Amino acid sequence: MALRSFALVLCLAPLAVATGAKADVTQGRALYIKVGCYQCHGTEGQGGVAGPRLAPAPMAWEAFAQYVHNTTDAMPPYRESVLPGTELKLIHDFLLSIPPPPNVDDIPLLRALKKRPAP
Amino acid sequence: MAGIKAKASVGRRGFLGAVATAGAATTLPATGAEPLPKRAAALPTHQQLAAETQPPKAMAAGAQQCGADFMVDVMRSVNIDYVASNPGSSFRALQESVINYAGNTRPEFLTCLHEESSVALAHGYAKVSGKPIAIFAHSTVGLQHASMALYNAWCDRAPVIAVLGNITDGAKRRPGVEWLHTAQDPAAIVRDFVKWDDQPGSLQHFAESFVRAYKLSLSPPMAPVVIVADGDLQEEPIHDRASLSIPKYVATAPPQGDAGAVREAARLLAAAERPVIVADRCARTHEGMGLLVALAESLNAPVIDQANRMNFPNTHPLSQNARARRLIEEADVILALEVNDVWGLINEYIDNEERTTFSKIKPETKVISITAMETYLKSNYQDFQRFAAVDVSIAGDAQATLPALTEAVKRALTARGKSRAAARLEEMRKAHEATRQRALTDATYAWDASPISTARLAAELGDVLKGEDWALVSPDNFISGWARRLWAFDKPYQYIGTAGGQGVGYGIAAAVGAALAHKPHGRLAVNIQTDGDLMYAPGAIWTAMHHKIPLLSVMHNNRAYHQETMHIQRMANRRDRGIDRAHIGTIIDHPAIDYAMLAKSMGMWAEGPITDPKDLGPALKRALAVVKSGGAALLDVVTQPR
């Protein structure tokens, strides 16, 4: 998805922003989209078939930075030279700002599925 | 075959030549003449219309059967119900015989707007109905368009009969187009990925080769086949119909695995502490699912359905797809049923700067493979995957081998083995239920996000399908498998897997073909349609409308070739060259394509783009109402990447 229109859609989405660091979180969210984290992990860090869930409650900052910059797992490393720690920290702050999702019981569609498969 | 005859007899080429000449004379301005008036097109004269639409008197006078009529008889003899085709002059006689001689029924001519769609439609149809239909195409330009889709069908072990128009005799070809539409060896470009082809030299030869082709296409491993229908053979009258015969078609009994090897496999499975069954293209017919259930229940062994067919009901407690990795790692015996990539099943491959591989299984783990592909490989195209050394290798059709294997397992189970199997069931029940509850929890993440999460898409769609006799006619791997995680797939026709060769352009046309096969059963065909795939051959939308094929298509519109975006990102990362330009060449945006407008332009009910998840459920209900009334609908939904 193109970054500009993608960002526009995101602006319309309910943002879960910590009030004390709104600007940083907004910047972190923009970076998260710009450098392509969303491609595998989804725009809310929810994860999917291509990448695991990142939020809420991402891994601790030190471990996060170490992993992103140096991983040899399936995820390609985002090295310091292309994603400086300062920017990565903003992304981490954005992930930290994402609140927990609603419970299954709070979503009627999913609550109904607890009892029987659908359709 | 007749040659180019005297003026008294209006031969095929003479007729066309006259039409072409007449057209040229009336539509092209002579040198120095005034330019044509500015209008869309010069209207044809009465004589031109007659020449274009009516047979010349010499042809109309003959009620005699022509070769193409006999070819249609041959197709009818094996119950070819449809011909999917974009029209072409090299098989004009065949097309005319279908629509007039056969009355456009059995087979019925399905108008496709691209040969790739013709084959994909046939591919989808075959996977639901279990039998092939034919496609007609030019031997050159048509087959080149069709070739990728044939490759998909080949990789997906799907039967398709491709009939190619070709004008073999150079002395009889019309100058120009018939030379362009003829090849010495038409099937050469697809021979690496069709099972068999022939270029019959007589009508009797055609009958025998067509029945042989049909038989081969349906014999496991199933595959596409090609028959070349010579133009003159199609068009010339039949002088002695009584001398022609159509061979009786008798289905080939699929090959079963060797009895001794099956016993050895059963012995290993019965003695296993942690057996695992993996099925890929195992369920070849609707009976296949029940046969696999019987085997799994004889052992209470977990089943991992790689989902290129509807192998196993995901509602069954032994369905353990989500735990595939762990089960494979812990297994002591693995049974692979028509698994094309056994190496990939038991090994890990990491696509990072250092391409690393390692075994996922324990050194002592025994691997059993049953596949009809064991004795049937071709060399050029590499769809057979990396070689895997297994412990018991059984050449045979897995579905056909299942009854004997199940009986052998039951015989081989000792009291201790039965006790182990009984104990496994409870473990599987708990794991199955935990997986299901975890899927519901996972679906809550990004529930209200826009673009809409793929879990929300599947949940909302599943909700409107409640109580319907539905079938998903597209893969769901591009939406992170959410349909199979949330919906109950418990009927053998509810899933048909993927394109096979990962060739883009399969989706909508295969969905239309599958929907056509579901139509007589009154099933609701549902297609989760990716955006990039749709734009390869959107004309299949028109085919659905033209032939009144009910189909509900819901777009997974992430506005990108998203898989490729991730690959470019990977390369950029690997080279440390910046990571914010992976969208170049991979997005489908600026402008965003209006898929609803696209569908509407071809007469389909459509809405969208839907970006607010709250709008999705009501829109799906409206779309469903259209499909339930016999129509087709497309809902454009802007979604998360995966």
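With 28 Å as the limit on Cα-Cα distance, the pairs of B:Lys362/B:Lys491; B:Lys127/B:Lys410; B:Lys127/B:Lys378; B:Lys548/B:Lys614 that go past it are B:Lys362/B:Lys491; B:Lys127/B:Lys410; B:Lys548/B:Lys614. For the stretch B:157-192 versus the stretch B:371-429, the inter-centroid distance based on Cα atoms is 42 Å. The listed residues B:Arg484, B:Arg263, B:Arg523 rank as B:Arg263, B:Arg484, B:Arg523 when sorted by accessible area, largest first, using a 1.4 Å probe. The string of couplings for the stretch B:251-261 from the Karplus curve (6.51, -1.76, 1.60, θ = phi - 60°) is 4, 7, 5, x, x, 9, x, 4, 4, x, 5 Hz, one whole number per residue in order, with x for Gly and Pro. Solvent exposure of the protein assembly as shown, expressed per residue, is 41 Å² of accessible area, with all protein chains present and a 1.4 angstrom probe.
Cross-link reach is defined here as a Cα-Cα straight distance under 18 Å, omitting same-chain residues fewer than 8 places apart; for B:Lys131 the lysines meeting it are B:Lys195, B:Lys215, B:Lys248, B:Lys519.
Look at the stretch B:258-270: the mean tally of other chain Cβ atoms within 10 Å of its residues' Cβ atoms is 0. In this assembly, the A-B interface accounts for approximately 4300 Å² of buried accessible surface in total, computed with a 1.4 Å probe and without ligands, DNA or RNA.
Only protein atoms count toward the accessible area here, which uses a 1.4 Å probe; on chain B, the carbon and sulfur part of that area reaches 54 percent. In the stretch B:327-355, the residues that give up 20 Å² or more of accessible area when the other protein chains are added, compared with the chain on its own (1.4 Å probe), are B:Ile350, B:Asn352, B:Glu353. Available extension along the chain between B:Asn104 and B:Ala251 is 50.3 nm, counting 0.36 nm per residue and deducting the alpha carbon span. For the pair B:Asn347 and B:Arg574, a Förster radius of 25 Å applied to the C-beta separation gives a FRET efficiency near 0.70, rounded to the nearest 0.05.
Once backbone amide H atoms are built at 1.01 Å from N, B:Ile610 has B:Asp636, B:Val637, B:Val638 as its partners under 5 Å, excluding neighbours fewer than 5 places away on the same chain.
The accessible surface of the stretch A:48-119, taken with every protein chain in place and a 1.4 Å probe, is 59 percent carbon and sulfur.
By definition, a body whose alpha carbon gyration tensor gives a ≥ b ≥ c is oblate when a/c is 1.5 or more and a/b is not larger than b/c, and the protein assembly as shown fits this oblate description. Can you bin the stretch B:303-387 into rounded, prolate or oblate? Criterion: square roots of the alpha carbon gyration tensor eigenvalues sorted a ≥ b ≥ c, rounded for a/c under 1.5, prolate for a/b above b/c, oblate for the rest. Taking the square roots of the gyration eigenvalues as a ≥ b ≥ c, the stretch B:303-387 is oblate.
At a Förster radius of 41 Å, what calculated FRET efficiency corresponds to the Cβ-Cβ distance of A:Thr72 and B:Phe387, to the nearest 0.05? E(calc), rounded to 0.05, equals 0.95.
For the peptides B:157-163, B:399-405, the ranking by packing is B:157-163, B:399-405, with the highest mean count of neighbouring Cβ atoms within 10 Å listed first.
Aspartates and glutamates near A:Lys114 by alpha-carbon distance under 14 Å, same-chain residues fewer than 8 away left out - which ones? List returned: A:Asp105, A:Asp106, B:Glu433, B:Asp442, B:Asp463. Counting Cβ atoms of other protein chains within 10 Å of each residue's Cβ and taking the mean over peptide B:604-612 gives 1.
Close amide H partners of B:Gln529, meaning residues 5 or more places away or on another chain with modelled amide H under 5 Å apart, are B:Val554, B:Met555, B:His556.
Modelled spin labels at B:Lys466 and B:Arg191, positioned 7 Å past Cα toward Cβ, are 5.8 nm from each other.
Accessible area per residue (1.4 Å probe, heavy atoms of protein chains only) ranks B:Tyr381, B:Tyr376 as B:Tyr381, B:Tyr376, with the largest value leading.
For A:Ala23 and B:Ser419, the FRET efficiency from 1/(1 + (r/R0)^6), where r spans their Cβ atoms and R0 equals 45 Å, is about 0.10. Among the residues of B:454-466, the average count of other protein chain beta-carbon atoms within 10 Å of the residue beta-carbon is 3.
The values are calculated or read from the model by the stated rules, or taken from the named source; none is laboratory data. Remember, it's a predicted structure, so these values are computed and weren't measured experimentally. Glycine gets a Cβ as well: all are built from the backbone with ideal geometry, and neighbour counts include every protein chain shown. Each accessible area value is taken on the protein alone, full model and side chains, heavy atoms only, with ligands, DNA and RNA left out. Shrake-Rupley method; radii C 1.70, N 1.55, O 1.52, S 1.80 Å.
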